[in-house]
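Take a look at the structure set out below.
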Amino acid sequence: MTPAWVLGLAGLIPFVGLAGIIMIGPAHWYAASQILLTQYGALILSFVGALHWGFAMQQAVKGGEAWLRFGYSVVPALVAWLALQFPPGLGMKILATSLIACLVVDLAWLKMTVLPVWFTRLRVILTAGGSASLLMASVV
């Protein structure tokens, strides 16, 4: 397994662990776990956007494409920050929806750019795990 897969899958541990605590853990851990999961989801959503900044730099995009790619790369961080302004339940829903939306954009972008084949599979798995954790924890 490559470092990207190992580290990516390890990144699901806080999602799954905190969602589990929220759903079945001790009541006195509930509020703190909600906040921690929301913050972690915001951090990861920001990271997903930053991937595009890196891809755009690596591919040395210019002109209008540069504005589009670099511009898009900052949107997830802004949405993540916005999600943190809401109560955790709503914030988690915003983050889950945004992670899925970013995956849709990534899948469309992959048709227009060259990225490693494994990237798509990893993104789908990580998005599914993170989004599911956020959504399940948001309805408790």
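The values are calculated or read from the model by the stated rules, or taken from the named source; none is laboratory data. Note that the structure is a prediction, hence the values are computed from the model and not measured. So basically every Cβ, Gly included, is an ideal-geometry build from the backbone, and we count neighbours across all protein chains shown.
Go through region 58-116 residue by residue and tally those that are among the hydroxyl-bearing types (Ser, Thr, Tyr) and over 21 Å from Ser131 (Cα atoms). Reasoning before the result, please.
Initially, region 58-116 is screened for residues among the hydroxyl-bearing types (Ser, Thr, Tyr), giving 72-73, 97-98, 113.
Then drop every residue that is not over 21 Å from Ser131 (Cα atoms), which leaves 113.
Of the residues in that region, 1 qualify.
Among the residues in region 8-19, are any out of contact with any strand residue (DSSP E or B) (no Cβ under 8 Å at 6 or more places or on another chain), within 19 Å of Leu135 (Cβ to Cβ) and not in a helix (DSSP H, G or I)? Break it down stepwise before answering.
Going residue by residue through region 8-19, those that are out of contact with any strand residue (DSSP E or B) (no Cβ under 8 Å at 6 or more places or on another chain) are 8-19.
Those still in the list that are within 19 Å of Leu135 (Cβ to Cβ) too: 11-19.
Pick out the ones that are also not in a helix (DSSP H, G or I) and you get 11.
Yes, that holds for at least one residue.
On the basis of being modelled with pLDDT under 95, surrounded by 14 or more Cβ atoms within 10 Å (Cβ to Cβ), touching a helix residue (DSSP H, G or I) at 6+ places or on another chain (Cβ under 6 Å) and in a loop (DSSP other than H, G, I, E, B), does Val140 make the cut? First the steps, then the outcome.
Values: modelled with pLDDT under 95: yes; surrounded by 14 or more Cβ atoms within 10 Å (Cβ to Cβ): no; touching a helix residue (DSSP H, G or I) at 6+ places or on another chain (Cβ under 6 Å): yes; in a loop (DSSP other than H, G, I, E, B): yes.
For Val140, the condition - modelled with pLDDT under 95, surrounded by 14 or more Cβ atoms within 10 Å (Cβ to Cβ), touching a helix residue (DSSP H, G or I) at 6+ places or on another chain (Cβ under 6 Å) and in a loop (DSSP other than H, G, I, E, B) - is not met.
Restricting to region 21-57, count the residues that are over 21 Å from the mean Cα position of the chain (by Cα) and β-branched (Val, Ile, Thr). Outline the logic, then answer.
Our first condition is that a residue be over 21 Å from the mean Cα position of the chain (by Cα); within region 21-57, this holds for 24-31.
In the following step, the residues that additionally are β-branched (Val, Ile, Thr) were identified as 24.
Within region 21-57, residues that are over 21 Å from the mean Cα position of the chain (by Cα) and β-branched (Val, Ile, Thr) number 1.
In region 58-89, which residues are under 29 Å from Ala31 (Cα atoms), without any contact (Cβ under 8 Å) to a residue 24 or more places away in the chain and either under 16 Å from the mean Cα position of the chain (by Cα) or surrounded by fewer than 13 Cβ atoms within 10 Å (Cβ to Cβ) (or both)?
Once the filter is applied, which keeps residues that are under 29 Å from Ala31 (Cα atoms), without any contact (Cβ under 8 Å) to a residue 24 or more places away in the chain and either under 16 Å from the mean Cα position of the chain (by Cα) or surrounded by fewer than 13 Cβ atoms within 10 Å (Cβ to Cβ) (or both), region 58-89 yields Leu78, Leu82, Gln85, Pro87.
Which one is surrounded by the most Cβ atoms within 10 Å (Cβ to Cβ), of the residues in region 109-134 that are part of a helix (DSSP H, G or I) and of a type in the set (Lys, Arg)?
Per the criteria, the residue is Arg123.
Looking at the structure I just gave you, is Thr38 surrounded by fewer than 18 Cβ atoms within 10 Å (Cβ to Cβ), closer than 17 Å to Leu135 by Cα and either out of contact with any strand residue (DSSP E or B) (no Cβ under 7 Å at 6 or more places or on another chain) or of a type outside the set (Phe, Trp, Tyr) (or both)? Working first, answer last.
Numbers: surrounded by fewer than 18 Cβ atoms within 10 Å (Cβ to Cβ): no; closer than 17 Å to Leu135 by Cα: yes; either out of contact with any strand residue (DSSP E or B) (no Cβ under 7 Å at 6 or more places or on another chain) or of a type outside the set (Phe, Trp, Tyr) (or both): yes.
No.
Are there any pairs, at least 6 apart or on different chains, whose C-beta atoms fall under 8 Å, with the first in region 97-126 and without any contact (Cβ under 8 Å) to a residue 12 or more places away in the chain and farther than 30 Å from Val139 by Cα and the second in a helix (DSSP H, G or I) and of a type in the set (Ser, Thr, Tyr), and if so, which?
Pairs that qualify, where the first residue is without any contact (Cβ under 8 Å) to a residue 12 or more places away in the chain and farther than 30 Å from Val139 by Cα and the partner is in a helix (DSSP H, G or I) and of a type in the set (Ser, Thr, Tyr), are Leu110/Thr120.
Checking the structure you have, find out if any residue of region 66-86 is of a type outside the set (A, V, I, L, M, F, W, C), modelled with pLDDT of 95 or more and over 15 Å from Phe47 (Cα atoms).
So far as region 66-86 goes, yes, one or more of its residues are of a type outside the set (A, V, I, L, M, F, W, C), modelled with pLDDT of 95 or more and over 15 Å from Phe47 (Cα atoms).
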